[in-house]
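First comes the structure, then the notes that go with it.
The values are calculated or read from the model by the stated rules, or taken from the named source; none is laboratory data. What you see is a predicted model, and the numbers here were worked out from it, not measured in a lab. So basically every Cβ, Gly included, is an ideal-geometry build from the backbone, and we count neighbours across all protein chains shown. Side chains included, ligands, DNA and RNA excluded: accessible areas come from the protein's heavy atoms. Shrake-Rupley method; radii C 1.70, N 1.55, O 1.52, S 1.80 Å.
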Amino acid sequence: MTSNFVSHFKALDQLLYETRQYWQLLAFDHLSTPWPELDHYLSQLSDLNLSALDMDQSALQRTLANYIPQLSEIAKLVEVDELKSQRPVLPFWLSNGIKGRKVNQLQDFVGALDERHLPVLEWCAGKGHLGRIMAFTGVPHVDSVELQAHLCTQGVKSAQQQDLAMTFHCADVLQDPVAHYFKPQQHAVALHACGKLHQNFMNEASKAGCEKISLSPCCYHLFTPAQYEPMSDVAKQSLITLTHNDMKLALQETVTAPSRVAKVRKKEVLWRLAFDALRRDITHSNEYISVPSVNKAIFSGEFEEFCQWAAQQKGITLAERIDYAAYLDSAGKRQQITERIELVRHAFRRAIEMWLVLDRVLYLQAAGYDVTLKQFCEKSLTPRNLLIQAVKR
C-alpha cells in the first residue's frame, strides 16, 4: 500500500466519485435494476452464484470489472498489509467469559499494539476486557472509560479479583467533559468504538498530544449527522457527500454473521418489500418509504401481524380482506432484483470503508502524528480489522 496517504485517498476518492451511480443509491427504491449495461448479467445470475460472489469480495470485483472498468483498480486501493504480531497467551481466568471470536480479536489487537511502557486510556471500555489483557501483558496502569455503570461495576470487580492495575471511570463521552482523561504521556486506545465515539476520542487524544493513539473504527454512521462531516482537510475537498446509507454499506459484510442471522435478515427484507407493495396499492404512491427498525422476534410470527404493525407505524388503515400470500409472492420476485442491486453496491464496501479510514489517518497526520494503517487480524475474526496507529512526532 502506498505510504503517501494523500495521493492514496485522492485516487480512491476519484474512483468512488466516478462510480457513484453504482453504490450511492437505495436498492429498495428500484423495481428493476437501474443499470442497462448490467441487466443481462444480473438477470441470468443464479441465487447460488450471487451468494458465492457476495462472500468473495475479490471475485465480485473481478467479475463486475467486465461492466464497471474502475473495479479493476479497486483491489490495490483497498489493499492493506497484515501486521505480523505475536498473540499474547492468556490464562483461563483472564479469557473466561469473553465470547467466541472476541478473545482472538482482543489478543491480535493487543499483540499489534505491543505496549509495555506507557499507561493506557481504554475508550468505550465495556467491561474492560481489552484493558485487562493490556494490564496483564505489562502496561503500568489502565484507565477505562465507559458509559454504562453496571459494566464499570463488573469491570472493577474483575480487575480487583485478578489484581490488575485498572481504574474505571463512568462517563457519557458524547455529553460529559472528557479532556481530563487524556494525557501527553499515554497510549490512548479504542477498539470498535462507533462513529462519533471514536471521532471524539481522536479529537481529544490529538488535542492532548497523547504520545500514542491506536484505534480500529466501527459503525461510522452512529451518533453522527445525516450527512458525513469529513475530519481531514483533504477529505473536505471531496465532491462525494456520504449519507448514513452509504456509510452502512461499509459494514455490510457477513463474514462473521451466523446463518440464522442471515436467514432472518432475508425474511425481513422480503416482508418489508411485500408490505411496501401493499402500502403502494393503498396509498397510490410510487416511492419506497422505510418502516422503522423493529425487534427481530416479529419475524418469527405471521406476515399479517407484521403488516398490522407496519401500517400502524405509517398511519395506514388495512382492509379486512387482503391476499397476504400474493403480496409475499410478488415480493419474492422483487427481492431478487433488490439482492442483485445490493450485490453491485457490495463491490464498493471496502472502498467506502477505506475512504473513511484514510480520512481519519489524514486527520491524525495533520495533528502532528506519524501514522500507519494495517490489518490487525484475519477478516474471519471481524471484517472491521483495520488498525490506525499514530505516534506523536
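Which residue, of 370, 359, is free of Cβ contacts under 8 Å to residues at least 60 places away in the same chain and closer than 30 Å to residue 114 by Cα? The unique qualifying residue is 370. With respect to residue 22, determine if the residue is assigned to a helix (DSSP H, G or I) and under 21 Å from the mean Cα position of the chain (by Cα). So residue 22 fits the description; yes.
Residue check, residue 49 against (1) farther than 24 Å from residue 353 by Cα; (2) open to solvent by 20 Å² or more (accessible area, probe 1.4 Å); (3) touching a residue at least 40 places away in the same chain (Cβ under 8 Å); (4) not hydroxyl-bearing (Ser, Thr, Tyr), all met but one. Which one? That leaves (3) as the condition not met.
Selection over segment 254-275 of residues that are in a helix (DSSP H, G or I) and at pLDDT below 85 gives a count of 4. Residues in segment 84-130 that are in a loop (DSSP other than H, G, I, E, B) and within 22 Å of the chain's Cα centre (by Cα): 98, 99, 100, 101, 124, 125, 126, 127, 128. Residue pairs whose Cβ atoms lie under 7 Å apart, sitting 6 or more positions apart in sequence or on different chains, and linking a residue in segment 13-26 that is farther than 15 Å from residue 243 by Cβ to a partner that is crowded, with 18+ Cβ neighbours inside 10 Å and of a type in the set (Ser, Thr, Tyr), are 13/238.
State whether one or more residues within segment 176-189 are closer than 19 Å to residue 90 by Cβ and either under 26 Å from the mean Cα position of the chain (by Cα) or at pLDDT 95 or above (or both). So far as segment 176-189 goes, yes, one or more of its residues are closer than 19 Å to residue 90 by Cβ and either under 26 Å from the mean Cα position of the chain (by Cα) or at pLDDT 95 or above (or both). Can you tell me which residues in segment 212-265 are farther than 30 Å from residue 131 by Cα, open to solvent by less than 70 Å² (accessible area, probe 1.4 Å), among the aliphatic types (A, V, I, L, M) and over 17 Å from the mean Cα position of the chain (by Cα)? Correct list: 234, 235, 240, 264. Residue check: residue 67 meets all listed conditions (1) over 25 Å from residue 388 (Cα atoms); (2) modelled with pLDDT under 95 but one, namely (2). In segment 148-177, the residue that is surrounded by the most Cβ atoms within 10 Å (Cβ to Cβ) out of those that are touching a strand residue (DSSP E or B) at 6+ places or on another chain (Cβ under 7 Å) and in a loop (DSSP other than H, G, I, E, B) is 173. When every residue of segment 327-343 is checked against the conditions, at least one turns out to be over 29 Å from residue 55 (Cα atoms) and open to solvent by 30 Å² or more (accessible area, probe 1.4 Å). Within segment 79-96, the set of residues being open to solvent by 50 Å² or more (accessible area, probe 1.4 Å) and either without any contact (Cβ under 8 Å) to a residue 60 or more places away in the chain or of a type in the set (Lys, Arg) (or both) comprises 84, 86, 87, 89, 92, 96. Scanning segment 98-109 for residues that are more than 19 Å from residue 383 (Cβ to Cβ) and among the acidic types (Asp, Glu) turns up nothing. Residues in segment 284-301 that are over 19 Å from residue 334 (Cα atoms) and open to solvent by 60 Å² or more (accessible area, probe 1.4 Å): 5 in all. Residues satisfying the criterion are absent from segment 302-322 (criterion: under 26 Å from the mean Cα position of the chain (by Cα), farther than 30 Å from residue 9 by Cβ and open to solvent by 70 Å² or more (accessible area, probe 1.4 Å)).
The residue of segment 202-253 that is nearest to residue 344 (Cα to Cα), among those that are assigned to a loop (DSSP other than H, G, I, E, B) and of a type in the set (S, T, N, Q), is 252.
Residues that are part of a helix (DSSP H, G or I) and open to solvent by 40 Å² or more (accessible area, probe 1.4 Å) within segment 133-147 comprise just one, 136.
Of all residues in segment 55-78 being farther than 15 Å from residue 15 by Cα and in a helix (DSSP H, G or I), which is least open to solvent (accessible area, probe 1.4 Å)? Only one residue tops the list, namely 60.
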